[in-house]
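Presented below is the structure to which this report refers.
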Amino acid sequence: MDMINTYYSTFRRFLGLMLLLAAVAPARGADDWPQFRGPNGQGVAPSARPPLEFGPNQNLAWRTAVPPGHSSPCVVGQRIFLSSFENEKLECRAYDRVTGALLWSHRAPVEELESTHAFSNPAAPTPVADGERVVFYVGSFGLLCFDHAGTESWRRALPRQKSRGGYGSASSPILVGDRVIQVLDTDEGGSRLLAVNRSNGETLWESPRPMVSSGWSTPVLWERAGASEVIVLGSKRLAAYDPGSGAERWYLDGFPLEPVWIPVVSDGLLYAGGAGIGGRSAAKFDGFRWADAIELDRNGDGRLQKDEVPEDYRTTLRPELPEGHPGRLFPFPLKGFIDRIDADSNGEVTEAEWNGNLAGFEKLDAPALMAIGDRGPEEADSNRVRWRHARGIPEVPSPVAYQGKIYLVRDGGLLQCLDAKSGEVHYQERLGVAGGYTASPVAADGRVYLAAYSGTVVVVDGRGSEFRILARNVLGENITATPALVDDVIYVRTARHLYAFESASAGQVSSR
């Protein structure tokens with residue numbers, strides 16, 4: 001009898017514990033968004049049911065103030081992790097998933113901040129987490145690991161990456177088994193792929209990338225029958241690595257010089273690419289126009305003399321961006337480049353010299369989206385390419401592969417939908433929200449969510465191949481971070497807030 005009583009007493013305690021855990025767990029706790037762009041960085045939440053329509057007064061579960069930063073929400077268990085930068089403080093943060101309350105914040109041990117573009121932010125990389133730990137990559141320091149309660153597990157200082165134009169770092173860490181994998185590409189030599197032990201931060205392997213300069217892409221894991229590879233998109237080259245040893249398995253050339261996208265995996269194919277240098281979406285530049293430069297011609301001789309160019313004048317680089325946007329103009333004053341453009345060194349620039357210099361610039365690389373598959377045992381790696389597309393290529397937002405289609409959105413609000421197998425263009429349409437697009441598209445429940453920098457999230461139908469806008473949700477704050485989709489919620493980080501919009505919680509608002 002004592003044994004039976006002990007059994008039932010133990011069972012009751014176990015049952016009570018299970019009921020308690022069920023009460024505090026999210027509605028469908030199996031779903032997480034553990035890194036940049038969610039599971040394996042793909043931007044797709046197969047079981048999520050986020051709201052179609054939302055805003056400050058609609059389907060708002062909670063809103064909490066957050067300092068600026070470009071890192072996207074990383075959602076695991078009861079925590080939301082992100083980084084921030086304000087008042088010279090670069091911080092790693094955790095928020096409560098249910099209420100939005102700040103749970104903990106730790107300042108990164110930064111001695112000197114990396115330089116960043118005016119549009120970027122030292123808190124750009126997104127953290128990666130599992131059920132025990134979260135790992136932040138901070139370009140100004142290195143890797144920092146905490147448990148979910150906020151206790152530091154380990155830290156690993158790394159050399160700062162140097163990039164053309166001082167754009168700063170953006171590549172996010174990923175987890176592959178017991179490995180934290182981080183791309184460390186730089187313009188100063190020493191580019192490499194690093195794997196450290198997720199438990200203590202010790203090096204497991206390093207793979208040199210000697211021909212690679214700076215980039216901002218995040219790796220993905222490509223798994224298929226008989227192969228598991230870490231795929232890294234770098235300057236001019238896509239490479240595959242053994243996740244256990246770091247050995248390079250194969251590579252493919254022909255990619256743009258300054259990669260930003262994270263590769264996409266779908267139905268046995270890998271999709272990778274990016275815009276050309278300067279963000280151009282096609283072979284020819286829309287910017288750097290002679291028609292703009294010749295407006296400086298004060299003496300009307302049809303040529304441009306150096307003394308006619310104001311010291312701080314910068315020509316338009318991305319005309320699709322609005323006036324005042326930090327990325328609209330070329331990052332350096334034109335005056336410093338006049339001598340290079342002046343081919344015959346006679347002290348003036350003609351239209352022919354201008355266009356000749358521009359043609360040379362265009363030859364540095366070309367925008368592209370490539371669909372890549374396996375090759376036969378006797379084939380060259382170049383035979384991996386199934387199709388190419390080179391029009392309307394985004395600069396920053398990565399594509400999303402969803403229900404047999406590839407979606408790309410670029411500055412100006414141009415959305416393209418391509419057939420994933422053939423590359424055929426189903427449609428190319430404007431979203432009705434102009435300006436910049438930095439956040440990558442994400443998808444769930446037959447919909448594709450596209451966040452414009454100006455603060456509107458456009459939702460389009462992802463089920464068929466016809467263009468149909470389902471909603472335009474105006475938040476009224478700039479958006480650079482990619483939203484997270486978990487269960488019935490879409491988490492959106494804006495310039496000053498983190499929002500949780502929930503399908504089943506209209507009218508239940510918590511604001512902090």
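Just so it is clear, none of the values below were taken in a lab; they were calculated from the coordinates. Please read these numbers as outputs of a predicted model, since none were measured by experiment. As a convention, Cβ positions derive from the backbone with ideal geometry for all residues, glycine included, and neighbour counts pool all protein chains shown.
Under Stokes-Einstein, with the Kirkwood radius over Cα pairs standing in for Rh, what whole-number D in µm²/s applies to region 156-202 at 4 °C and 1.567 mPa s?
112
Which log10 I(q)/I(0) values, to two decimals, does the chain give at q = 0.05, 0.08, 0.09 Å⁻¹ under the Debye formula with one point per Cα?
With no solvent term, the Cα-only Debye profile gives -0.21, -0.52, -0.65.
Consider all pairwise Cα distances in region 413-457 and report the whole-number % of them above 13 Å.
Numbers: 602 of 990 pairs.
For region 413-457, the fraction of Cα-Cα distances above 13 Å is 61 percent.
Among bridges DSSP assigns within the chain, what percent are antiparallel (round to 5)?
Counting only bridges with both partners in the chain, antiparallel ones make up about 95 percent.
Taking the Cα-to-Cβ direction at N299 and at D267 and moving 7 Å from each Cα, how far apart do the two end points lie in nm?
Between N299 and D267, the simple spin-label model gives 6.3 nm.
Please tell me the relative contact order of region 145-281 in percent, rounded to the nearest whole number, where contacts are Cα pairs under 8 Å and at least six residues apart.
Relative contact order, region 145-281: 16 percent.
Give the shape of region 56-202 as rounded, prolate or oblate, defined through the alpha-carbon gyration tensor: a ≥ b ≥ c are the square roots of its eigenvalues, a/c under 1.5 means rounded, and otherwise the shape is prolate if a/b is larger than b/c and oblate if not.
oblate
Considering Cα pairs under 8 angstrom that are at least six residues apart, work out the relative contact order of region 233-319 and quote it in whole percent.
20
Evaluate the relative contact order of the chain (contact order divided by residue number), counting alpha-carbon pairs under 8 angstrom at least 6 apart; express in whole percent.
This gives 17 percent for the chain.
Just how many pairs of Lys in the chain have C-alpha atoms closer than 20 Å, counting pairs that are eight or more places apart or on different chains?
Details: K162/K236; K236/K284; K236/K363; K284/K363; K306/K335; K405/K421.
Eligible lysine pairs with Cα atoms under 20 Å apart amount to 6.
Can you give the log10 of the normalised intensity I(q)/I(0) at q = 0.15, 0.27 Å⁻¹, computed with Debye over equal Cα scatterers of region 290-362?
-0.50, -1.39
Compute the helix-to-body angle for 2-24: its Cα long axis versus the longest principal axis of the chain, expressed 0 to 90° and rounded to tens.
That helix lies at roughly 30 degrees to the long axis.
Mind pulling the angle between the C-alpha long axis of helix 351-362 and the longest principal axis of the chain? Nearest 10 degrees, somewhere in 0 to 90.
Helix 351-362 sits at roughly 30 degrees to that axis.
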